[in-house]
1. What residue, among those in the stretch 292-347 that are among the hydrophobic types (A, V, I, L, M, F, W, C) and at pLDDT below 95, is most open to solvent (accessible area, probe 1.4 Å)?
2. Just the residues that are within 13 Å of P48 (Cβ to Cβ) and of a type outside the set (D, E, K, R), please, taken from the stretch 17-35.
3. Return a yes/no flag: does the stretch 137-150 have any residue that is under 27 Å from E237 (Cβ atoms) and in contact with a Pro (Cβ under 6 Å, 6 or more places away or on another chain).
4. Is it the case that the stretch 293-301 has a residue that's over 18 Å from the mean Cα position of the chain (by Cα), assigned by TED's automatic domain parsing to the domain that holds E223 and of a type in the set (A, V, I, L, M)?
5. Does G232 meet the test of being open to solvent by 10 Å² or more (accessible area, probe 1.4 Å) and at positive phi?
6. For the stretch 347-359, state whether one or more residues are under 30 Å from E26 (Cα atoms) and within 16 Å of the ligand (Cβ to nearest atom).
7. Only one of these conditions is not met by A106: (1) assigned to a loop (DSSP other than H, G, I, E, B); (2) open to solvent by 30 Å² or more (accessible area, probe 1.4 Å). Which number is it?
Amino acid sequence: MILRDARLFDGREELATKGAIRFDPESGRIEAVGDVEPQGEEPSMSLPGHTVLPGLVDAHVHFSLSGQATIEDVVGTSDADLAFTEAANARTTLEAGVTSVRAMGARDLDVRLKRAIERGDVPGPRMVANCRSITITGGHGHHLGREVDGPVECRRAVREQIKKGAEFIKFMATGGVTTPGTDPRTLAFTYEEMEALIDEAHRRGVHVATHAHGAPGVKAAVEAGVDTVEHGTFMDEEAIDMLIAHDVTLVPTLSAPYRIARNTDRATEESIRKTDSVHDRHIEAFKRAVDAGVRIAGGTDAGTPFNYHGTNSTEISFMVEHAMDPVDAVVAMTGTAAETIGLEDAGTLEAGNYADLLVIEGNPLEDVSLLREPTAVLKGGEIVSGTLPDPQD
Ligand SMILES: [Zn+2]
């Protein structure tokens with residue numbers, strides 16, 4: 001199958017203003033990109049005026065949450081109910097054009113959802129899945145996380161998550177906006193705890209993400225060897241320099257505070273108070289990080305208050321609105337995000353990679369808002385939402 005006469009963006013750069021891509025619907029893999037001519041009776045579709053790019057990769061989603069005002073709303077939910085919610089959110093995400101995600105964990109459901117998607121039982125994006133986030137007793141996300149105290153328990157918690165199938169480890173270096181009684185600016189773990197946790201994960205060959213708002217949390221986690229920093233809200237110059245020196249990727253999740261700030265009539269009083277103090281600083285830190293050349297991977301924090309699944313591409317609009325070049329912002333949520341979360345066969349249009357494709361009318365590299373209305377979304381060469389013209393042969 002060939003898609004032709006379309007602008008091609010490969011997840012790193014624009015390849016052609018009028019090019020073609022061949023994929024094998026059987027294997028679901030890309031076979032050639034660029035200058036491709038149909039052979040024999042091979043079907044092809046002409047897509048003039050359209051752009052073909054990789055499906056988006058969201059490096060930070062919460063399928064267990066659906067944008068409720070407070071995370072406590074899901075605490076009493078049974079695992080069975082939560083599993084259906086997760087499946088619905090995964091489907092919405094895929095249909096919006098997000099063909100891969102890193103799911104930040106909740107109880108132990110994400111690894112099961114991933115298997116269900118791979119079996120074909122439910123539709124959803126490719127997942128890099130976690131089990132429970134690791135947090136100090138009473139720390140951010142403790143409702144759905146694994147509480148720990150002390151370096152030994154940090155190692156045990158990492159081992160437990162990996163035993164249950166976690167493909168990466170997430171821990172909460174600071175408090176959070178959505179957990180009552182925690183302070184986003186304050187460092188939660190001791191340095192020894194973080195070091196033990198990260199060392200244990202790396203010995204087992206999995207990467208480590210940390211939720212960190214305050215600069216002390218970012219710096220300590222980076223020093224201890226973390227791989228990705230989520231949010232980075234209050235980063236100062238020193239923290240930004242450290243991200244570069246230690247080759248750490250930032251997942252800014254600009255959508256999260258924006259959505260709370262826009263829904264103050266429905267958000268909880270505590271989350272509004274915390275968001276007010278974070279939103280401007282968050283944007284400032286993001287701009288500085290972009291200027292300094294920090295590697296940025298796109299992630300939305302979808303599922304957090306009013307941050308609904310399926311609106312993921314708006315993160316790209318936010319990144320562009322706040323200092324990023326449109327092409328760089330699309331790269332952040334395709335090629336770079338896939339590389340960051342360890343999905344080697346996704347995020348770029350290359351022979352051998354999955355045929356996870358987004359077909360957009362117009363040029364989303366000039367107007368990133370076009371990404372919100374895909375003409376068609378393909379996962380593994382199969383149309384999962386939208387339509388394409390009938391193939392000609
Ligand atoms: Zn999150």
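1. For the stretch 292-347, the residue satisfying everything is A323.
2. If the condition is that a residue be within 13 Å of P48 (Cβ to Cβ) and of a type outside the set (D, E, K, R), then T17, G19, A20 are the ones that fit.
3. no
4. Scanning the stretch 293-301 turns up no residue that is over 18 Å from the mean Cα position of the chain (by Cα), assigned by TED's automatic domain parsing to the domain that holds E223 and of a type in the set (A, V, I, L, M).
5. no
6. Checking the stretch 347-359: not a single residue is under 30 Å from E26 (Cα atoms) and within 16 Å of the ligand (Cβ to nearest atom).
7. (2) is the only condition that A106 fails.
Listed here are the residues, each with its yes/no results for (1) assigned to a helix (DSSP H, G or I); (2) open to solvent by less than 10 Å² (accessible area, probe 1.4 Å); (3) within 15 Å of the ligand (Cβ to nearest atom).
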site	(1), (2), (3)
K170	no, yes, yes
T178	no, no, yes
T182	no, no, yes
E193	yes, no, no
L197	yes, yes, no
E200	yes, yes, no
V208	no, yes, yes
H211	no, yes, yes
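The values are calculated or read from the model by the stated rules, or taken from the named source; none is laboratory data. A quick note: this is a predicted structure, and the numbers were derived from the prediction, not measured. For neighbour counting, all protein chains shown are included, and Cβ atoms are generated from backbone atoms with ideal geometry for every residue, glycine included. Only protein heavy atoms, including side chains, enter the accessible area calculation; ligands, DNA and RNA are left aside. Shrake-Rupley method; radii C 1.70, N 1.55, O 1.52, S 1.80 Å.
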